[in-house]
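These notes concern the structure reproduced below.
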Amino acid sequence: MKKELSVALDYALTRGFQIHPGAFEILEGVDAEKLESIIKEIVRDKTKQKLFQINQNDLETYLGIKDDPTLQAEAVVLFDPTSKITTGEGTKGYNALFVSRFNKLKRIISDRPEARTLRSISTARDEKSEKKAYVCGLVMSRSSERNITKVVLEDPSGTIEGIIFDADLQKTAGTLLTDQLVMASVVFDKKFGFIIREIIAPDIPDMAANRSESEAYAVFLSDLHIGSKYFMEKELVEFVSWLSSPDPVAKRIRFVLIGGDLVDGVGIYPNQDRELVCQTVEEQLAKAEEIIGRIPEYIKIVIMPGNHDPGRRALPQPAIPKKYNAGLWERENISMVGNPATVSLNGVKVTMFHGQSIDDIVKTTPGLSYDRPADVMKHLLRARHMSPIYGSQTPIAPETEDLLVMEDVPDIFHVGHVHRMEVDRYRGVLLVNSGSWQKQTPFQASVGMVPNPGIAVLVNLKTFKVFTKDLSVNSDNILQ
Ligand code: D5M
Ligand code: FE
Ligand code: ZN
């Protein structure tokens, strides 16, 4: 028994109280530092009432953990690419994809006041105006040499190369992602050609977030990698058991979101079989179902795929196909969605994206690192696109509609993939990278990636207060 618990029990017993076994069980689950005040308050109140027994009901009332019917649990899928996937053919498909990207992002950036005088690139090039003209286009390239930066933008009418002299603006230009859309003001100079004076990203407006009316909590998880030798099964099972414990926070949880890499998959990287404990996707998903099945049924669960899950590899990804595990699909409290997806939890809009593009962005953008995934997430919000860079490591399918454009601004942006739990905020949006439940793999150790696995992120959807539940304590999650 914990020392704090025996002290609390002694306090009640020496004052002539009897403690009911049901009450004792609840007390065992209460945080040590809260025990003293809880017991003192109950003893004080019940002494006044001359009732010298502490039962389960007393504790549930005091802790506010009685099943609260006013706690809403409404999960609605607002956007899911699964049924919208209509991949085009080859070059034609990619042309359609980029036309769609340009049009959608131009519509978004047109809300900016500067867009009132927007010119097409060919018009701006013909006019060669010495007065400021605004153009917008996808970033084809950016390059820096000898104190100047050059940026090439493309819209459906043509391309334009602009030069930047200003040091601060060169820094901004240095963080532009290839194939993202930006608006730029240019002036024509007889000696240098077009000089860029401003660069404006679509970005998100500063907005007050939607809030849940009741204090329901959501849990953010990702990168479980079930089936891998390094999957932290003991810790995840312990966390899942905690969900049905009498802990007052656990009792308020109504949603669990899983942001991809539910399982480790098969044949994802060379010689993966040596690092698997379950050799088939079906076996891995059966184990996933067994663990997820222990989550109380009143909790709504959303499952999105990542690059390790079955289905297709290219973005956008459809939901994990039913043929691999019908059980997950058949559960009433589970929604299987594609990647990316947007769900409403009691009115709070959550955009979920596994985060594959982070690898390409970290590699090509100065100042970004795997340790700070939330900074990369800010770039995605500014670009209003989940995966702008085309032709690098992240496979993107030639969809006729670009489903990776972030059309709606979320209240919470949930990403995973890099196995580093981090929480931040950007312009009223809560950024959650939900880390992982897989210990450091030999590959990660070889490239110096240090994950912080085994931490669940919990958000009170009314107050947006964030809590973490760290199950990794005392577990040797780093190989080395
Ligand atoms: O990816 C976890 C992280 O590790 C993610 O940032 C990519 C990186 N990673 C994993 N395997 C590789 C290989 N083979 N090359 C490059 N980067 C890699 P996860 O999706 O969980 O495997
Ligand atoms: Fe992962
Ligand atoms: Zn991943």
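Please verify whether the stretch 164-171 includes one or more residues that are of a type in the set (A, V, I, L, M), under 30 Å from R274 (Cα atoms) and in a strand (DSSP E or B). The answer is no, given that none of the residues of the stretch 164-171 is of a type in the set (A, V, I, L, M), under 30 Å from R274 (Cα atoms) and in a strand (DSSP E or B).
Annotation note: of A208, A201, the sole residue that is at pLDDT below 95, open to solvent by 20 Å² or more (accessible area, probe 1.4 Å) and within 31 Å of the chain's Cα centre (by Cα) is A208. Only residues that are in a loop (DSSP other than H, G, I, E, B), more than 16 Å from E275 (Cβ to Cβ) and within 16 Å of ligand 3 (Cβ to nearest atom) were counted across the stretch 429-449, and they come to 1. When S241 is tested against (1) within 16 Å of ligand 2 (Cβ to nearest atom); (2) open to solvent by 10 Å² or more (accessible area, probe 1.4 Å), exactly one condition is not met: (1).
All told, E290 meets the bar of being more than 16 Å from ligand 1 (Cβ to nearest atom), without any contact (Cβ under 8 Å) to a residue 24 or more places away in the chain and open to solvent by 20 Å² or more (accessible area, probe 1.4 Å). Among the residues of the stretch 300-308, at least one is closer than 23 Å to F413 by Cα, within 14 Å of ligand 1 (Cβ to nearest atom) and open to solvent by 10 Å² or more (accessible area, probe 1.4 Å). Considering the stretch 432-473, the residues that are at negative phi, in contact with a Gly (Cβ under 8 Å, 6 or more places away or on another chain) and open to solvent by less than 10 Å² (accessible area, probe 1.4 Å) include one that is farthest from ligand 2 (Cβ to nearest atom), namely V457. Residue by residue through the stretch 174-228, note down the ones that are within 16 Å of ligand 1 (Cβ to nearest atom) and not in a strand (DSSP E or B). Answer for the stretch 174-228, where residues must be within 16 Å of ligand 1 (Cβ to nearest atom) and not in a strand (DSSP E or B): S222, D223, L224, H225, G227. Is it the case that L315 is touching a residue at least 24 places away in the same chain (Cβ under 8 Å) and more than 16 Å from ligand 1 (Cβ to nearest atom)? Taking the combined requirement at face value, the residue does not satisfy it. Would you confirm whether any residue within the stretch 63-70 is closer than 29 Å to T351 by Cα, open to solvent by less than 70 Å² (accessible area, probe 1.4 Å) and in contact with a Ser or Thr (Cβ under 7 Å, 6 or more places away or on another chain)? Taking every residue of the stretch 63-70 in turn, none turns out to be closer than 29 Å to T351 by Cα, open to solvent by less than 70 Å² (accessible area, probe 1.4 Å) and in contact with a Ser or Thr (Cβ under 7 Å, 6 or more places away or on another chain). Is it fair to say Y426 is open to solvent by 20 Å² or more (accessible area, probe 1.4 Å), within 14 Å of ligand 3 (Cβ to nearest atom), within 24 Å of F467 (Cα to Cα) and touching a residue at least 60 places away in the same chain (Cβ under 8 Å)? Against the criterion (open to solvent by 20 Å² or more (accessible area, probe 1.4 Å), within 14 Å of ligand 3 (Cβ to nearest atom), within 24 Å of F467 (Cα to Cα) and touching a residue at least 60 places away in the same chain (Cβ under 8 Å)), Y426 does not qualify. Of the residues making up the stretch 14-27, those that are surrounded by 13 or more Cβ atoms within 10 Å (Cβ to Cβ) and outside any loop (DSSP other than H, G, I, E, B) are I19, G22, A23, F24, E25, I26, L27.
Taking the stretch 25-71 as the range and being touching a strand residue (DSSP E or B) at 6+ places or on another chain (Cβ under 9 Å) and under 15 Å from P248 (Cα atoms) as the test, the residues that pass are L27, L71. Looking at D58, D10, D45, just one residue is open to solvent by less than 50 Å² (accessible area, probe 1.4 Å), free of Cβ contacts under 8 Å to residues at least 60 places away in the same chain and among the acidic types (D, E), and that residue is D58.
Of the residues making up the stretch 379-393, one or more are more than 17 Å from S434 (Cβ to Cβ), within 14 Å of ligand 1 (Cβ to nearest atom) and more than 19 Å from the chain's Cα centre (by Cα). Of the residues S436, S446, which is over 12 Å from the mean Cα position of the chain (by Cα) and either within 11 Å of ligand 1 (Cβ to nearest atom) or modelled with pLDDT of 95 or more (or both)? Answer to the selection: S446. Candidates G391, G327: the one that is at pLDDT below 95 and of a type outside the set (F, W, Y) is G391.
The values are calculated or read from the model by the stated rules, or taken from the named source; none is laboratory data. Just so you know, these numbers come straight off a predicted model, no measurement behind them. Note that we place each Cβ from the backbone using ideal geometry, even for glycine, and neighbour counts take in every protein chain shown. To get the accessible areas, we keep the full protein, side chains included, count just its heavy atoms, and leave off ligands, DNA and RNA. Shrake-Rupley method; radii C 1.70, N 1.55, O 1.52, S 1.80 Å.
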